[in-house]
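The values are calculated or read from the model by the stated rules, or taken from the named source; none is laboratory data. Everything quoted here is computed from the prediction, not taken from an experiment. Note that we place each Cβ from the backbone using ideal geometry, even for glycine, and neighbour counts take in every protein chain shown. Accessible surface is based on the protein model in full, side chains and every heavy atom, while ligands, DNA and RNA are left aside. Shrake-Rupley method; radii C 1.70, N 1.55, O 1.52, S 1.80 Å.
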Amino acid sequence: MFKKYTLVTLLLLGFITNIRADTPLKTAIASAHPLATAAGFEILNQGGNVFDAAVAVSATLAVVEPSGSGLGGGGYWLVHRANDNTTRFIDGREKAPLAAHKNVYVDSAGQVKNPRASLDGATAAAIPGLPAGLVHLAEHYGKLPLAVSLAPAIRHARNGFVVGQHHLDLLKYRETVLKQFPASSTIFLVNGQLPEKFALLRQVDLAETLTQLARYGRAGFYAHSVADKLLQAVQQAGGMWTAEDLQNYQVVEREPVVGNYRGIKVTSAPPSSAGGIVLLEALTILSAYDLAKLDKLTRIHLITEAMRRAYHDRALYLGDSDFVSVPMQRLLSEDYAAGLRSSMRMDAVLPSTQLSGDVLPDSEGGHTTHFSIIDTEGNRVAATLSINFPFGSGFVAAGTGVLLNDEMDDFVSHAGPNGYGLVGSAANMIAPGKRMLSSMTPTFLEDAGRVAVLGTPGGSRIISMVLLATLDFAKATSPMSWVTLPRFHHQYLPDVVEYENAAFTEQELVALKGLGHHLKATVNPYGNMQAAVLYKHTHALNAASDPRGEGLATVK
Ligand code: DON
């Protein structure tokens, strides 16, 4: 008996090994910029694994898409290593400086002192986590030294690259802020004016900062000359940073949030992001319905009602779990979902005002970036990286080339700005050293035949975009379908369904209104989803980059 099984096992192993031997290792990379995708392959060609490639893609995006992410910001890397079946969430989210406190942007009467203080300039900047994230990824998961994996980013910063329309549009959006800061305007503007199309953007100081990071690891950013320059610039401009803040910054490895939606294993972002919990809560509510069998109108209605309830809980309960207790198990339980479902009707909405609980205004939005990587062995990275608004706070620390984030605005404050209408509770109030709640949702989806990697920028709408893509994945569609499909969104408050024009027909709009939904078309299409998939049985790969953006998906 034993021998028989051993023989079968050996034959099977041989079979599997043969498949592997016959299948050259291939990789799929989808990112928001062709140069970043190319940087990933450059590093793979030099013997790097997908985690080295992720370092290269992250760092290159920081250079060639400075509106979206950068060394002055933070992000999350959801990683899976196939050989020991490790799945981890690397939390490189920015942290509030130690001098920050819950009333830092308001006066004693709870009034906002200066509505721009958490959005523009050094006062808006939290302590960056992206550089520490790159070092962590390289040291714990990569094979190559940072000197190799950061080389493409350094080269693009030093030699320059041609800016695209997306860059120019976002520059225009933040032009007035960038103009306020000479170090920013010298780099991003030409004699104080917007550059021409096809202009070359060189970032010599940033190349030097990246070189310091390559040479000295985390000390190359959080200590030594770069840290001195960062502190000098921030403090001179009224910011809160101290040397202690920089020295103390640590990334945290966390267990991802894991759940199941009708046979699909969903692995996503835990706090300090709201992403995974809100995504899974909405999916658990929806799992009781066979959406494929329902008409489109009922489907849209139910998905919207699930979004409303899950985003309501985001507002009530979610914040940095290192500081507040997040009732994760309860929010993700089937019983809890059943309770929420019981208030859902097929033929009417429940207005958001009738959901209970005290919430405060929060704001969120701007720009961000995502990339997805997977190889034929199943090693993979889903990374969403941000400096919050386009070009972050608009403030470059002189001599570093580092554009600082304005992520402090993702906290909730008593009477804080309400740009994107998100609301929150005490769970997401500012505290020294705390991470501000994010919506970034880097995610893996897995069913019997496929493993997918996906995510997108888009502020509060990130989670609903990943939700719609997950429901589409469930229909056995391809990455191009997930990234292309028309989007709609409900975030509890404001009590409105925002939708891309292509999402609903005129008839559907009338019918949704009839059910009691308030509808608002978005001015432009939104999101920039990057997705990749491995077909487990054939080892084939596929990937897609959102046609709304200028990214590139490649398999080779
Ligand atoms: O962490 C967050 O949720 C936000 N700072 C992300 C901002 C964003 O995605 C803007 N994108 N368009």
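Taking the Cα centre of the chain as reference, the dipole from Cβ charges on Lys and Arg (+1) and Asp and Glu (-1) amounts to some 940 debye. Pairwise Cα distances in region 200-356 exceed 22 Å in 59 percent of cases. Of the peptides 502-515, 79-92, 269-282, the order by per-residue mean of other Cβ atoms within 10 Å, starting with the highest, comes out as 269-282, 79-92, 502-515.
Given axes a ≥ b ≥ c from the Cα gyration tensor, I'd like to know whether region 415-507 is rounded (a/c under 1.5), prolate (a/b larger than b/c) or oblate. Judged from the Cα gyration tensor, region 415-507 comes out oblate (a/c at least 1.5, b/c at or above a/b). With all protein chains kept in place, the per residue accessible area of the chain amounts to 37 square angstrom at a probe of 1.4 angstrom. Dipole of region 140-233 (Lys/Arg Cβ +1, Asp/Glu Cβ -1, origin at the Cα centre): which of L231, G160, L189 lies farthest to the positive side? The Cα lying farthest towards the positive end belongs to G160. Computed in the context of the full set of protein chains, the accessible area of region 282-360 at 1.4 Å probe radius has 52% of its extent on carbon or sulfur.
At 222 nm, what helix-only mean residue ellipticity would the chain give, in deg cm²/dmol to the nearest 500, using -39500 (n - 2.57) for each DSSP H run of four or more? List each step's numbers first, then the result.
On the way: 19 runs with 206 residues, N = 556.
Per the formula, -11000 deg cm²/dmol.
Across the chain, Cα-Cα pairs farther apart than 47 Å form 9% of the total. Straight Cα distances below 25 angstrom link K102 to the lysines K113, K434, with same-chain residues fewer than 8 positions distant left out.
Sorting 66-74, 340-348, 108-116 by their mean Cβ neighbour count within 10 Å, with the most densely packed peptide first, gives 66-74, 340-348, 108-116. Could you tell me what percent of the DSSP beta bridges with both partners in the chain are antiparallel, to the nearest 5? The antiparallel fraction comes to roughly 95 percent.
With all protein chains in place and a 1.4 Å probe, the accessible surface of region 214-256 carries 45 percent carbon and sulfur. Annotation: E255 carries an accessible surface of approximately 120 Å², with a 1.4 Å probe and no ligand, DNA or RNA atoms counted. Ligands, DNA and RNA aside, M480 has an accessible area near 100 Å² when probed at 1.4 Å. The H on the amide N of N260, modeled in the peptide plane, is under 5 Å from the matching H of V266, each at least 5 residues off or on a different chain.
Simple point charges give the picture: +1 on the Cβ of Lys and Arg, -1 on the Cβ of Asp and Glu, and for region 205-309 a dipole about the Cα centre of about 560 debye. Could you tell me what percent of the DSSP beta bridges with both partners in region 407-556 are antiparallel, to the nearest 5? Percent antiparallel among DSSP bridges in region 407-556 is about 80. Residues in region 171-188 carry Karplus couplings, in order, of 4, 4, 4, 10, 4, 4, 6, 4, 5, 5, 10, x, 5, 7, 5, 4, 7, 9 Hz; the curve used is 6.51 cos²θ - 1.76 cosθ + 1.60 with θ = phi - 60°, and Gly or Pro positions show x. Of the solvent-accessible surface of region 451-526, computed with a 1.4 Å probe and all protein chains present, 60% belongs to carbon and sulfur. Accessible area per residue was computed with a 1.4 Å probe on protein heavy atoms; E42 scores about 50 Å². Eigen-decomposition of the gyration tensor built on the alpha-carbon atoms of region 67-156 gives equivalent ellipsoid semi-axes of 35, 17, 9 angstrom, largest listed first.
Volume of the convex hull of region 270-388 (Cα atoms only), normalised per residue: 171 Å³. Heavy-atom accessible area with a 1.4 Å probe sorts S225, S393, S287, largest first, into S225, S287, S393.
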